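Below is one structure, written out as structure tokens; comments come after it.
The values are calculated or read from the model by the stated rules, or taken from the named source; none is laboratory data. Keep in mind that what you see is a predicted model, and the values were worked out from it rather than measured. Here the Cβ positions follow ideal geometry from the backbone for every residue, glycine too, while neighbour counts run over all protein chains shown.
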Amino acid sequence: MDGLLPELEVIRKDFPILERELAGGKPLVYLDSANTSQKPQVVIDTMVDHLERHNANVARAMHQLGAESSEAFESARDKIAAFVNAPSRDEIIFTKNASEALNLVANTLAWARGPLEIGEGDEVVITEMEHHSNIVPWQLLTERKGATLRWFGLHDDGTLDLSDIDSLINEKTKVVSLTWVSNMLGTINPVAEIARKAKAVGAIVVVDASQAVPQMPVDLVELAEAGVDLLAFTGHKVVGPTGIGVLWGRTEILDQLPPFLGGGEMIETVAMERSTYAGIPHKFEAGTPPIVEAVGLGAAVDYLGHVGMAAIRDHEHAITAYALEAMATVSGLTVLGPLDASLRGGAISFELDGVHPHDVAQVLDSRGVAVRAGHHCAKPAHKRFGVQASTRASSYLYTTPGEIDALVEALEYTRSYFKLS
Amino acid sequence: MDGLLPELEVIRKDFPILERELAGGKPLVYLDSANTSQKPQVVIDTMVDHLERHNANVARAMHQLGAESSEAFESARDKIAAFVNAPSRDEIIFTKNASEALNLVANTLAWARGPLEIGEGDEVVITEMEHHSNIVPWQLLTERKGATLRWFGLHDDGTLDLSDIDSLINEKTKVVSLTWVSNMLGTINPVAEIARKAKAVGAIVVVDASQAVPQMPVDLVELAEAGVDLLAFTGHKVVGPTGIGVLWGRTEILDQLPPFLGGGEMIETVAMERSTYAGIPHKFEAGTPPIVEAVGLGAAVDYLGHVGMAAIRDHEHAITAYALEAMATVSGLTVLGPLDASLRGGAISFELDGVHPHDVAQVLDSRGVAVRAGHHCAKPAHKRFGVQASTRASSYLYTTPGEIDALVEALEYTRSYFKLS
Amino acid sequence: MTAQDLDALYQEIILDHYKNPLNKGLRDPFEAEVHHVNPTCGDEVTLRVHLTDGKVSDVSYDAMGCSISQASTSVMTDLVIGKSVEEAMSIQASFQELMQGRGNVEPDEEVLEDGIAFAGVAKFPARVKCALLSWMAWKDATAQALADAGTDEETTNG
Amino acid sequence: MTAQDLDALYQEIILDHYKNPLNKGLRDPFEAEVHHVNPTCGDEVTLRVHLTDGKVSDVSYDAMGCSISQASTSVMTDLVIGKSVEEAMSIQASFQELMQGRGNVEPDEEVLEDGIAFAGVAKFPARVKCALLSWMAWKDATAQALADAGTDEETTNG
Ligand SMILES: Cc1ncc(COP(=O)(O)O)c(C=O)c1O
Ligand SMILES: Cc1ncc(COP(=O)(O)O)c(C=O)c1O
């Protein structure tokens, strides 16, 4: 098959969990990577080495362990900045996950004064395919500030309906926030094009790249040129640990935003009467940061960089194309989202006529096939397609065509288990 | 020496980093545990096992890995609830650190409406010995809402000056937030007594237990009875990993607070127009939580529980008494904070006449002794004592009297290095 | 999980109730109506209770969800309709205990009848919420109806 | 770090400047005054610059901090006072480059004079900020003085 990672079997060996045996001696077929990715040994080992040999708090400690830990932590920032080609490494802010990164933006905008202030009559624009983490923060912001939330709708094929872009993005628009790749439909959105439109009216552009960064090369210099101001992603979906996310922001914007959480590390000086704040990135990193998590994430992006993000994109594309084709042979199966693999990422949500997604996932699990069932934190998108829930299979760099075969075989078994054939 | 942990050498073997050799072949003398604690092998191994064998996202997944991961994550909550004897396990909210826990409270209070709303004329009371993470959030809240920040001063011996408690805590007081154990002075504050006063005027009582939970048995049922409403601590100081903190809150208060971060997991249902939110603890846990960190923290509190928190308190007490006595022999050394070990925790900040804390820490480091120098995120307390910075030695369950001897010897060396004798 | 576990989960009785649910639909009269959601998957139930003289006269519902949640709703209505509120509450408690028992609670067939078919569900933490959705909705609705009745009485008495 | 490293850090020259700092105190006249802090440890410097005809006529300061930061301030004033602004800026740049070079930059004694004693500091990331505190303050103050002068000229020309 064209496009697969050439050393797929070697890569699989890097991920210890892929050798896991499930109940009944079933091998694991992990197709839930859009939910969270598995971790290569090198990420785990790097974290262990840090905890066993270099553990200390950062920034504050003068001793050798402190210097080692600070060095490891700050070079993780360098690595991540390089991985997404950030204009400046100080623009990389560590959060606890992508959700916190998005909330950081919405929450500080609520307290911003001056040009970034949002109030009555102002509008925030999102899309109907957003993850809840890119909906609720904007609902909270607009409700609290008396602004209006608006959104792009979707075409039946799962792409964004941009027909009303000129009325949606107008001089009242203060923020446009959208996902680059949908975690439900798989759709890849034209973020640069939308960013240019938003810039033209002076709006801030926020991109949720939680599903994009794992799957494709990201060039923030280029995106910044198109007008993207802030971008969020999460560690656990890029073969890194939980407990860490990343917010990238353009320096001029970050400098204008008020602080988010207050406390240790984010200050310049503190008196009981008033405090002044540090510059970026520390201004937004109150308290002891996720140190071993940053170190793990550094190892993760090194690992992905070593495999090559272009190669990973091609692999995902090949697997997705193969999966879409194979799944089309299952009768009663309807894919939600674009059917052309080149327009989408590797998350494939579907319906199976007559079987509820929970039951699909349960039967699949009895065959060792791990998929997700539910609304995948994208309830409005499900509603748009008239369904309450769906089943989602999602691949990653370690996924083989054989695992897709196992999925399809398990889907056929599901149909027969529920006596549908 | 009375009170030391009986199996101290066995305990030390549990902490791999304690075998670390520093530059020049020096053994590590780690006296920076108030900054962050070291991790026992069982915490590291539990995290590795989770990452290598059970890694999956929680709450959302129907498959076996998902069930295992969710079970591990939620039983960590059970363990932590039991460790601090929380009235209900659903009152344990995972945050990224203690700073986020404190900010969660201050930030949601800023948006609270009804009885918890804070506005002009209202007062928030803290103390002069707070960590910046328990100062800045309240400065932000009071500034933003037009309320007034007030604070307890300190006696020369480093204890709280409670002489004006009746005027400080009055009918305008909406929140009283204070540290249980000072990270700089070591002082243990009478939180129950202050909570009772605060309750009498209907104020919310927040306790920063970042330095207390590591060092002494904590009984939240008892504290709740005294009137404590919310309590924060941080994973990395209780031999757990970074990236996780805990907020405990009384159900009635948590239910009244609006959501903090919006997104996945914290919702009941989401529509584009409006959302409704889940009950506690999930309401305050937006996005993928720190899963492997919670699992690690669960192992950490199991470990501490196994050693016994009363035994750890006695050990800390014995080591602190020994250290205070030994340090008194160093000429020109002044301890900041109570000199009676029974009134304090194990963090000992001091001044050495004629040598700046940076330089003290640097020379100590050349002898393998790791201490912290600076303001320890407690600038106002330093200012109160007329100093800009101090050196701080802090012990934990793995600290030996021999390490205190090494500290004192290194302090003498520092004096001679800077030609003070 | 194995094929055997799967069969333990999807008992014939469950699949029967799923295909042919009892007491389906929303009916009048009713004293309380609630809407419950399973936040994880979006499964929903709208449920009404009608009480007369301390008895559960009717439970009607409109629900969307998986086989487990649908079958559980059907079994629940069948078990509680016609019982005294007290008895029904105790059945609810038994079922909830069974579901939350992680597979360690022995079900009482006398009390739970077809409900014992859900014993296997208790071993699947992710599915426990499915099985409990309508039972919790019923408990909530009944509590509301009783509270309103109490208020009415108070009002009447006052 | 070893005792040798310690001696490499605390060069005699550094300890001399620490004990007997040059140009200490705040003096008039000055065109700009700044206050810089090291957020980690609270070390502070208040620093004034006096420029005349493109020359650094005076740098005066009030500072609290460790031996490295105090000695560095003393050396800095000694190096820049009397130089042209341009030359002083280039000395500042050399010193900053040395400090941020992680021990891989060879110091130029011609340019940095006593400043080369700080070469050892570059290997201690936690201390680099100490050594740079007053140098960054001087750069900031000088930039402000120049900007103000520019504005004044503009105002005069306008
Ligand atoms: C008393 C006290 N409060 C709060 C904190 C903040 O904890 P964290 O940095 O983990 O948020 C600390 C530790 O740094 C502390 O000692
Ligand atoms: C598109 C998208 N946005 C946001 C998130 C939130 O990420 P996290 O749960 O790590 O905060 C996710 C993943 O759950 C996602 O897929």
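If we only count helices (runs of 4 or more DSSP H) wholly inside the range B:1-90, which ones have 3 or more residues that are buried (at least 19 other Cβ atoms within 10 Å of the Cβ)?
Answer list for the range B:1-90: B:41-49, B:64-83.
Answer with yes or no whether A:N85 is at the interface with chain B (Cβ under 9 Å from one of its Cβ atoms), more than 23 Å from B:H50 (Cβ to Cβ) and either away from ligand 2 (no atom under 16 Å from the Cβ) or among the small types (G, A, S) (or both).
Considered against the rule, which asks whether it is at the interface with chain B (Cβ under 9 Å from one of its Cβ atoms), more than 23 Å from B:H50 (Cβ to Cβ) and either away from ligand 2 (no atom under 16 Å from the Cβ) or among the small types (G, A, S) (or both), A:N85 comes out as no.
In the range B:202-220, is there at least one residue being within 15 Å of the chain's Cα centre (by Cα), away from ligand 1 (no atom under 16 Å from the Cβ) and not hydrophobic (A, V, I, L, M, F, W, C)?
yes
Would you point out which residue out of B:E91, B:E143, B:E120 is away from ligand 1 (no atom under 16 Å from the Cβ) and within 19 Å of the chain's Cα centre (by Cα)?
After applying the criteria, what remains is B:E91.
Which residue is farthest from the chain's Cα centre (by Cα), if the candidates are limited to the range A:395-421 and must be among the small types (G, A, S) and buried (at least 16 other Cβ atoms within 10 Å of the Cβ)? Working first, answer last.
Let us first name the residues in the range A:395-421 that are among the small types (G, A, S), namely A:395, A:402, A:406, A:410, A:416, A:421.
If we keep only those that are buried (at least 16 other Cβ atoms within 10 Å of the Cβ) too, we end up with A:395, A:406, A:410.
Details: A:S395: 14, A:A406: 26, A:A410: 28 Å.
Checking each candidate, the answer is A:A410.
Does at least one position in the range B:307-318 carry a residue that is modelled with pLDDT of 95 or more and within 16 Å of ligand 1 (Cβ to nearest atom)?
As a first pass, look at the range B:307-318 and keep what is modelled with pLDDT of 95 or more: B:307-318.
Subsequent filtering for residues that are within 16 Å of ligand 1 (Cβ to nearest atom) retains B:316.
So far as the range B:307-318 goes, yes, one or more of its residues are modelled with pLDDT of 95 or more and within 16 Å of ligand 1 (Cβ to nearest atom).
What about B:E285, is it buried (at least 21 other Cβ atoms within 10 Å of the Cβ) and either closer than 18 Å to B:R77 by Cβ or modelled with pLDDT of 95 or more (or both)? Walk me through how you get there before you give the answer.
Values: buried (at least 21 other Cβ atoms within 10 Å of the Cβ): yes; either closer than 18 Å to B:R77 by Cβ or modelled with pLDDT of 95 or more (or both): yes.
Judged against the criteria, B:E285 is a match.
Filter the range B:91-100 down to the residues that are assigned to a helix (DSSP H, G or I), within 9 Å of chain A (Cβ to nearest Cβ) and in contact with a Ser or Thr (Cβ under 7 Å, 6 or more places away or on another chain), then identify the one that is nearest to ligand 2 (Cβ to nearest atom).
Looking at the filtered set, the residue picked out is B:S99.
Check C:I91, C:I14 and return the single one that is more than 10 Å from every other protein chain (Cβ to nearest Cβ) and in contact (Cβ under 8 Å) with a residue 60 or more places away in the chain.
The match here is C:I14.
Could you say whether any residue in the range C:22-45 is surrounded by 15 or more Cβ atoms within 10 Å (Cβ to Cβ), among the aromatic types (F, W, Y) and in contact with a His (Cβ under 9 Å, 6 or more places away or on another chain)?
Checked against the condition, which is being surrounded by 15 or more Cβ atoms within 10 Å (Cβ to Cβ), among the aromatic types (F, W, Y) and in contact with a His (Cβ under 9 Å, 6 or more places away or on another chain), the range C:22-45 yields at least one hit.
What do you reckon, is B:P217 under 19 Å from B:D78 (Cα atoms), surrounded by fewer than 24 Cβ atoms within 10 Å (Cβ to Cβ), more than 12 Å from chain A (Cβ to nearest Cβ) and not polar (S, T, N, Q)?
Yes; evaluated as a whole, the condition is true for this residue.
If you take the residues in the range A:101-112 that are away from ligand 2 (no atom under 14 Å from the Cβ) and either free of Cβ contacts under 8 Å to residues at least 40 places away in the same chain or not in a loop (DSSP other than H, G, I, E, B) (or both), which one is surrounded by the fewest Cβ atoms within 10 Å (Cβ to Cβ)?
A:W111
Considering each residue of the range A:161-183, count those that are more than 18 Å from the chain's Cα centre (by Cα) and either in a loop (DSSP other than H, G, I, E, B) or surrounded by fewer than 24 Cβ atoms within 10 Å (Cβ to Cβ) (or both), and give that number.
The number of residues fulfilling the criteria is 13.
So, in the range B:120-159, how many residues would count as being among the acidic types (D, E), surrounded by fewer than 22 Cβ atoms within 10 Å (Cβ to Cβ) and part of a loop (DSSP other than H, G, I, E, B)?
5
Could you say whether any residue in the range A:260-270 is under 28 Å from B:T142 (Cα atoms), modelled with pLDDT under 95 and acidic (D, E)?
Yes: the range A:260-270 contains one or more residues that are under 28 Å from B:T142 (Cα atoms), modelled with pLDDT under 95 and acidic (D, E).
May I ask you to list pairs of residues, at least six apart or on different chains, whose Cβ atoms are under 8 Å apart, with the first in the range A:127-141 being more than 24 Å from A:P190 (Cβ to Cβ) and the second being in a helix (DSSP H, G or I) and within 16 Å of ligand 1 (Cβ to nearest atom)?
none
Taking the residues in the range B:271-291 that are of a type in the set (A, V, I, L, M, F, W, C) and more than 13 Å from ligand 2 (Cβ to nearest atom) as candidates, determine which candidate is nearest to B:T95 (Cα to Cα).
B:F284
Would the range A:5-26 turn up any residue that is within 14 Å of chain C (Cβ to nearest Cβ), within 16 Å of ligand 2 (Cβ to nearest atom) and not acidic (D, E)?
So far as the range A:5-26 goes, no, none of its residues is within 14 Å of chain C (Cβ to nearest Cβ), within 16 Å of ligand 2 (Cβ to nearest atom) and not acidic (D, E).
Among what's in the range A:263-298 and is within 20 Å of B:A34 (Cα to Cα) and acidic (D, E), pick the residue that is farthest from the other protein chains (Cβ to nearest Cβ).
A:E285
Among the residues of the range A:376-394, which ones are within 9 Å of another protein chain (Cβ to nearest Cβ) and free of Cβ contacts under 8 Å to residues at least 24 places away in the same chain?
Across the range A:376-394, the qualifying residues are A:K383, A:Q388.
Quick one: is C:S57 closer than 30 Å to B:E74 by Cα and among the hydroxyl-bearing types (S, T, Y)?
Judged against the criteria, C:S57 is not a match.
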